[in-house]
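Here is the structure we will look at, set down as structure tokens.
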Amino acid sequence: MWILLAVCSALGLGFYDIMKKRSVRDNNVLVVLFLNTVFGTLLMSPVILMDLGHGDLGLGNTFTGHLQIVLKAVIVLSSWVLGYFSIKHLPLTIQGPVNASRPVMVLVGALVIFGERLNLLQWTGLLLGFASLFMISRIGASEGFSLKKSKWLWLAIGATLLGAISALYDKYLLRHFEPFEVQAWYSFYQMLIMGVIVLLLRRGSDRGGAFHWRWSILGISIFLTSADLLYFYSLSLPDSMISVVSMIRRGSVLVSFFYGVVVLHERNIRRKLIDLGILFISLSFLILGSS
């Protein structure tokens, strides 16, 4: 059951990336991100209202519980800021595979933070994952997005690293709190933080450029909220494995990659398909080694 939920979550994430690409094109990234947090909070507001209706503030009705969710909000929001700017300037067929390498970073985190010992299959998957990242950086260099010169590629890597940290933190949170509560309250805190950032940066200036409303902005929140709800519920099930769920969700790259090829007519597709193949072989080894 939890694997099927993870697959559905992956499909939602694929369309989420497409909505992001359409929304930030020639648009103010920070305002788009702020509206995403507003719509996300509105979609999850029934959970918050239910908590308040029960006479408490949810998350165990403790200050510590909310502080832990604020930390989650800061991590995710930092990842989003880097990710939104990178997806605005990078081709989807480059940004997608970089983001899809997140399970490799999750495994490194599990190795370093939790002291997990890797088996031969996991080590093979890990090394192939890093080979895939190296290859996509070489492809990016041929399109003017080298690691030496392109800050957008570094932002994509930074967003992926923060996303891996968030994934490791999720498993801890979901041992203590209900998944819908985590989703609702961290959306709320993201909205507050992002609102302050936008207000401070845009006060008395037009920093970030003009903003243009597009319906794809609402689509960002709908697909992301749906994907995250499926993800959190999947992780809350007793036998779920964060490493496997994280890998399955990276299958979202197939949706955005297809869009980049068919709709955006991006370049070097054959080389990128080879890299994508190496990445999925890497993920397959990680899944087999974690089963």
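Quick notes on this structure:
- Listing of helices (runs of 4 or more DSSP H) fully contained in the stretch 1-100 that carry 2 or more residues being free of Cβ contacts under 8 Å to residues at least 60 places away in the same chain: 29-53, 63-89
- Remark: pairs (first residue in the stretch 153-175, closer than 30 Å to Ile139 by Cβ and without any contact (Cβ under 8 Å) to a residue 24 or more places away in the chain; second residue among the hydrophobic types (A, V, I, L, M, F, W, C) and open to solvent by 20 Å² or more (accessible area, probe 1.4 Å); Cβ separation under 8 Å; 6+ apart in sequence or on different chains) = Trp154/Leu147.
- Of the residues making up the stretch 189-216, those that are modelled with pLDDT of 85 or more, within 14 Å of Val32 (Cβ to Cβ) and either among the acidic types (Asp, Glu) or loosely packed, with under 13 Cβ neighbours inside 10 Å (or both) are Trp213, Trp215.
- Test: Gly158 is assigned to a helix (DSSP H, G or I), over 20 Å from Glu266 (Cα atoms), open to solvent by less than 60 Å² (accessible area, probe 1.4 Å) and touching a Leu at 6+ places or on another chain (Cβ under 7 Å): yes
The values are calculated or read from the model by the stated rules, or taken from the named source; none is laboratory data. Note that the structure is predicted; figures quoted are calculated from it, not measured. Cβ sites come from the backbone with ideal geometry, for glycine too, and all protein chains shown count toward neighbours. Side chains included, ligands, DNA and RNA excluded: accessible areas come from the protein's heavy atoms. Shrake-Rupley method; radii C 1.70, N 1.55, O 1.52, S 1.80 Å.
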